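J.: Structure in structure tokens, see below.
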Amino acid sequence: MNITANKKTLILLVEDDIGHAGLITTNLNRSSVKNEVVHFNNGEEVLSFLFSSGKTPCIENGATCVMLLDIRMPKVDGIEVLRQIKQDTLLRKIPVIIITTADNQDTINTCNELGCIKYVIKPVNYQKFKETIFSLGQYLKEASLIH
Amino acid sequence: MISNLKIGTRLSLGFILIFLLLTSINFFGINRMDMLSKQTGLIYNHPLTVSNAVLRINTNLIKMHRSMKDIALAQDTESIKEDSKIVDYLEKEIFKDFQIIDDRFLGEKEKYEIALLEFTEWKPIRDEVISFMQEGKKRRAADITRGKGARHVVRIEKAMEGLGDFAENKAKDFLHSTEIMRINAFNVMYLLITVSIIMSILLAFLLARTITQPLSNFRMATDKIGRGQLDTKIEINSRDEIGELADSFNKMTTDLKKITASRDELDKEILERIKAENELALANVELERKNRELEQILYITSHDLRSPLVNIQGYSDELANILKDIITELKNEEITDELKEKINTTFEKNIKDAFKFIQASSLKMDSLLTGLLQFSRSGRAELKKEELDVGELVNKVIKTFDYKINTEDITLEIHELPDCYGDEKQMNQMFSNLIANAIKYLAPNRPGIVKVSGHKEDGHNIYCVEDNGIGINSFHYDKIFNIFNQLNPSMGGEGLGLSIVSRIVERHNGKIWIESVEGKGSKFYVSLPNS
């Protein structure tokens, strides 16, 4: 993971399904988001990356990051990741966007309460999926979450 | 019976009886004293007065005799007259005493009459002497006095002696009988006092018994009633105060029983209602829990089933796009080397990847659906609970793992296992899943050991499947039983094994829990009720 010397915003994609990760990345590219996407297979991986030796690599290295977080994942799920990040004084600045197939209101509420800035539901219909990710890309740019 | 008398009456009767006894003893004593004093009076009045009279008579006789001698020796008529007067006086005195003897002599009358006759017969002899003296025939008078007179006096004295002896003996007799009477009186008194003391004690005891016995019965009965045996009747049929008390007490017990019965019924009803309400509340809680669980299952299932669909949809669409691009390119342009290269890469990478995701996702879908069906079956299949030989059952289960155990370095230890009460198929599935789980997560860097043990505890059978595998962080303890939850998806499977075990345990009203140390191994405990 070469993230040093890259001052562009880093996209942390936490997604246990490699297929989904591929489709998200492809469609983000289509919305001309050209930032580097780092893929993590589950919550545990991203937490150990963020908390490794007590440092926050993406912030320390001058890079900012934004996190695209799935909810249902083995070992540590998205909600737990969100909770831990928002409890940390430094990491809580990282914008977290939930991107998941789960669409029940309880989960949405929980994530909003915990402090996610956006909740995106993955549609099964691929046309809609493409549109969703495209507008996500637009949103990222418009909200100046990436540069 | 005495018990029908009032206690007051009974006590009064007892006191009166004792009083009568004592009074009769007193009367007896007074009577005896009276008798003794009378006896003493008798001694005084009769034998003593008689013997005194005899003694006086004897003395007076001697005096008379001396006076007669004086007369016989008198020188002048004057002296004769004087002495005759003395003789007359003495005679009168003697007659007086004879009168006393006549009154009081207790012996034969004949003896007295003889003495009196002898004395009376002395009179002509004395008169003869006096008349001879008056005639001056002194010599004749003296002769008679010394002779016939003196002899007669001796005869009188003899007769008197008989009387005196008798009186004296009689006095002794009286004294003796008085002594006997005194002793008898004392003996009888002692006897009577002893008897009356014994009778008083006996009477007091019996009286007290007639009071304390029913009271003691009463107390025993009230104790029983106090302990709640309200059927207890106090069996006291006497018509005294205790009997009356028993009657009203029995009435009270009956009333109390009625009240208690209705109260008990009410209590019972309340208890039943509370029980029913509690059961309802419990059922509601259980229902809510089930509902939440079902919602969770539905949510998870929909999420997990949707994931492969996203892939299938996405990659097949991408595939279509790729194909469309290729076709367009092929139509419009000549096949340059560049294009060849491009098409090659597309086929090698993009199309291959797309197919891989589509296939994997459809397989995943099938696997998920199979698991779901299995999970659903484990919850719906009818339970046929019976006594099961768990040792035998586990031995059957491990046969299915024979291949894995023999080819990989795994030691299986089966300890003695208590029988359980459950559905054979489900128990088989439960042990199968637990053992499979243990084998699956053994540490690859050391020889595996899987241990199955069990023991009985408080009406439960507790089984333990233990391994020395990779272990589980306590952070994940509550998640591992959730449906489709896999800590490590790379190990294969659907994440259903423990969900099914958990569901089976739940359907058998048991409990499942885990003790584990990450990197050292896990212990899965299952506790099932005995019946």
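J.: When only residues in the stretch A:61-81 that are part of a helix (DSSP H, G or I) and closer than 18 Å to B:Tyr299 by Cβ count, which is nearest to the other protein chains (Cβ to nearest Cβ)?
T.: A:Glu80
J.: Within the stretch A:102-122, restricting attention to residues that are within 9 Å of chain B (Cβ to nearest Cβ) and open to solvent by less than 30 Å² (accessible area, probe 1.4 Å), which residue is farthest from B:Val310 (Cα to Cα)?
T.: A:Thr107
J.: Just give me the residues in the stretch B:322-359 being free of Cβ contacts under 8 Å to residues at least 40 places away in the same chain, open to solvent by less than 40 Å² (accessible area, probe 1.4 Å) and within 10 Å of another protein chain (Cβ to nearest Cβ), in sequence order.
T.: Once the filter is applied, which keeps residues that are free of Cβ contacts under 8 Å to residues at least 40 places away in the same chain, open to solvent by less than 40 Å² (accessible area, probe 1.4 Å) and within 10 Å of another protein chain (Cβ to nearest Cβ), the stretch B:322-359 yields only B:Ala354.
J.: Name the one entry in A:Ile133, A:Ile99 that is in contact with a Ser or Thr (Cβ under 9 Å, 6 or more places away or on another chain), surrounded by 20 or more Cβ atoms within 10 Å (Cβ to Cβ), assigned to a helix (DSSP H, G or I) and within 13 Å of chain B (Cβ to nearest Cβ).
T.: A:Ile133
J.: List, please: which pairs have Cβ atoms under 9 Å, are six or more places apart or on different chains, and start with a residue in the stretch B:105-120 that is under 18 Å from B:Ala171 (Cβ atoms) and end with one that is part of a loop (DSSP other than H, G, I, E, B)?
T.: B:Lys111/B:Phe105; B:Tyr112/B:Phe105
J.: Given A:Cys111, A:Cys116, which one is at pLDDT 90 or above and assigned to a loop (DSSP other than H, G, I, E, B)?
T.: Within the list A:Cys111, A:Cys116, the selection yields A:Cys116.
J.: If you go through the stretch B:474-492 one residue at a time, how many are more than 9 Å from every other protein chain (Cβ to nearest Cβ), open to solvent by 30 Å² or more (accessible area, probe 1.4 Å) and at pLDDT 65 or above?
T.: Number of matching residues: 5.
J.: Among the residues in the stretch B:385-406, are any touching a residue at least 12 places away in the same chain (Cβ under 8 Å) and either within 14 Å of chain A (Cβ to nearest Cβ) or within 30 Å of B:Leu298 (Cα to Cα) (or both)?
T.: Within the stretch B:385-406 (the criterion being touching a residue at least 12 places away in the same chain (Cβ under 8 Å) and either within 14 Å of chain A (Cβ to nearest Cβ) or within 30 Å of B:Leu298 (Cα to Cα) (or both)), the answer is yes, since at least one residue qualifies.
J.: Would you mind finding the one in B:Ile25, B:Ile86, B:Ile57 that is part of a helix (DSSP H, G or I), modelled with pLDDT of 85 or more and more than 21 Å from B:Gly162 (Cβ to Cβ)?
T.: Result: B:Ile86 is the single residue among B:Ile25, B:Ile86, B:Ile57 that is part of a helix (DSSP H, G or I), modelled with pLDDT of 85 or more and more than 21 Å from B:Gly162 (Cβ to Cβ).
J.: Sort out which residues of the stretch B:285-312 are open to solvent by 80 Å² or more (accessible area, probe 1.4 Å), within 11 Å of chain A (Cβ to nearest Cβ) and not acidic (Asp, Glu), and write them in order of number.
T.: B:Arg292, B:Gln296, B:Leu298
J.: Quick test of your reading of the structure: B:Leu434 fulfils all but one of (1) open to solvent by less than 50 Å² (accessible area, probe 1.4 Å); (2) in contact with a Phe, Trp or Tyr (Cβ under 7 Å, 6 or more places away or on another chain); (3) part of a strand (DSSP E or B). Name the failing condition by number.
T.: Going through (1) open to solvent by less than 50 Å² (accessible area, probe 1.4 Å); (2) in contact with a Phe, Trp or Tyr (Cβ under 7 Å, 6 or more places away or on another chain); (3) part of a strand (DSSP E or B) one by one, B:Leu434 breaks only (3).
J.: In the stretch B:205-244, how many residues are more than 22 Å from the chain's Cα centre (by Cα) and farther than 21 Å from B:Gly14 by Cβ?
T.: 1
J.: Name the residues in the stretch A:7-51 that are of a type in the set (Lys, Arg) and within 12 Å of another protein chain (Cβ to nearest Cβ), would you?
T.: A:Arg30
J.: A further question follows. Just to be sure I understand the filter: pairs with C-beta atoms under 8 Å, separated by 6 or more residues or on different chains, first member in the stretch B:284-300 and under 16 Å from A:Ile71 (Cβ atoms), second member exposed (fewer than 12 other Cβ atoms within 10 Å of the Cβ). Which pairs pass?
T.: none
J.: Tell me which of these A:Ile146 doesn't satisfy, since it passes every other one: (1) touching a strand residue (DSSP E or B) at 6+ places or on another chain (Cβ under 8 Å); (2) modelled with pLDDT of 90 or more; (3) more than 26 Å from B:Leu309 (Cα to Cα).
T.: For A:Ile146, the exception is condition (2).
J.: Still on this structure, please answer the following. With the requirement that a residue be within 17 Å of B:Arg209 (Cβ to Cβ) and either open to solvent by 90 Å² or more (accessible area, probe 1.4 Å) or in a helix (DSSP H, G or I) (or both), what does the stretch B:223-238 give you?
T.: Across the stretch B:223-238, the qualifying residues are B:Glu235, B:Asn237.
J.: If you go through the stretch B:459-471 one residue at a time, do you hit one that is open to solvent by 30 Å² or more (accessible area, probe 1.4 Å), among the acidic types (Asp, Glu) and farther than 19 Å from B:Ile514 by Cβ?
T.: No - not one qualifying residue is present in the stretch B:459-471.
J.: Name the one entry in B:Asn445, B:Asn428 that is surrounded by fewer than 19 Cβ atoms within 10 Å (Cβ to Cβ) and in a helix (DSSP H, G or I).
T.: B:Asn428
J.: Please state which of the following conditions A:Leu140 fails to meet, knowing it meets all the rest: (1) in a helix (DSSP H, G or I); (2) without any contact (Cβ under 8 Å) to a residue 60 or more places away in the chain; (3) crowded, with 21+ Cβ neighbours inside 10 Å.
T.: (2)
The values are calculated or read from the model by the stated rules, or taken from the named source; none is laboratory data. Model, not experiment: these values are computed from the prediction. We place every Cβ from the backbone using ideal geometry, glycine too, and count neighbours over all the protein chains shown. We work out accessible area using only protein heavy atoms, side chains counted, and drop any ligands, DNA or RNA first. Shrake-Rupley method; radii C 1.70, N 1.55, O 1.52, S 1.80 Å.
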